[in-house]
Structures are given as C-alpha cells and as structure tokens.
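Single-structure report; data block below.
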Amino acid sequence: MIDGCRLLNLNSIVDNRGGLTIIESGIDIDFDCKRVYYLHSLPTGSQRGGHAHYNLKQLIIAASGSFDVVLDNGLNKVTYTLDNPNVGLYLSNLVWRELINFSEGSVCLVLASDLYNESDYIRDYVEFKYQSSVRNGR
Ligand code: TYD
C-alpha cells in the first residue's frame, strides 16, 4: 500500500441505456477538480507518467479498456490494474507513477487538483527519492 493512494468505488447508475459514473469534488475526491485530461490513441507498448508532483493530487480512471499504474513512494512499489470505469485510483502528491500495458483503444481519464504547471513536476527520480525521504523524515 502507498500512503495517501487508494482505489475509490465511484457512484454509477446503470440502466438499459448504459452506464453513467459520477465524481463529485468534496464527496468522492478531497480536491476541487481544476483540470481534466485524457490519454487516448495510445500505441501498443506506450508508457506514460514517469514522474511525481510536488503538490498535485489526481484521480485516474480507465474510462475505456485497461492499463496498469505502478505507484512508488520511494520505498515500496504497488501495481494497480485499472479496468473498470466505475473505479478511480486516487493519487496524493509525491508519488512516482508509471502507466503501462494499455489495452488497445483504452482511454485514461485524469482529474487534477490544479492547472498544468511544469514546475510542479518532479521528473528526476533521484530528486523524487530525496523529496519523499524529506517528507517521511528518513
Ligand atoms: P506529461 O504529464 O509528461 O504526460 P504523461 O505523464 O502522460 O506521459 O505531459 C506530456 C506533455 O504534455 C508535456 O509536454 C506537458 C504537456 N501537458 C500539458 O501541456 N498540459 C497538461 O495538462 C498535461 C497533463 C501535459
């Protein structure tokens, strides 16, 4: 388990017309959603992520298809397979993430707590390890 990260079962309404899944700020997630982006048209073998954030919180959903999210808090790694549009993976800040094994036609939907800001990224794993050790008093 990675502290601050968890799978969320999202409220879903299904009838004979299909499914409808709801995410509400302050109810399902503890941040105001300021940005939505999605990964799509992913070629076979595509790898995304490979970074952490100083402050950003996110909710990641397999809106279609499936993929794996490998989370790393600097000490442990946990792999989550997302394959259900009614389940979101909540990510706290200072968590290194790699997104791999995208199925054909998959769509990775991401809700984010802030606007895009390159200075919030930690793209250097050594810097990430340092930041996580400071946070955890190691
Ligand atoms: P990046 O976050 O590295 O993508 P991923 O983690 O999915 O591999 O972003 C890829 C590029 O897109 C990078 O140049 C930054 C840009 N970008 C934006 O301009 N706005 C955004 O909201 C996001 C997520 C990325």
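Please treat every number below as a calculation from the coordinates, not as lab data. Please read these numbers as outputs of a predicted model, since none were measured by experiment. FYI the Cβ positions are ideal-geometry reconstructions off the backbone, even for glycines, and counts take in every protein chain you see.
Full extension of the chain segment joining residue 123 with residue 138 gains 3.3 nm, where the gain is 0.36 nm per residue of separation less the Cα-Cα distance. Across the stretch 39-67, the residues whose backbone nitrogen lies under 18 Å from the label position 7 Å along the beta-carbon direction of residue 104 are 40-47, 64-67. Placing a pseudo-label 7 Å from each Cα along the Cα-to-Cβ vector at residue 84 and residue 14 gives an inter-label distance of 1.0 nm.
Would you list, by chain and number, the lysines whose Cα falls below 24 Å from the Cα of residue 129, excluding same-chain residues fewer than 8 positions away? Partners found: 57, 77. If you run the Gaussian network model on the chain, springs between alpha carbon atoms under 10 Å, then out of 93, 76, 84 the most flexible one is 76. With the highest mean first, a sort of the peptides 51-61, 33-43 on other beta-carbon atoms found within 10 angstrom per residue produces 51-61, 33-43.
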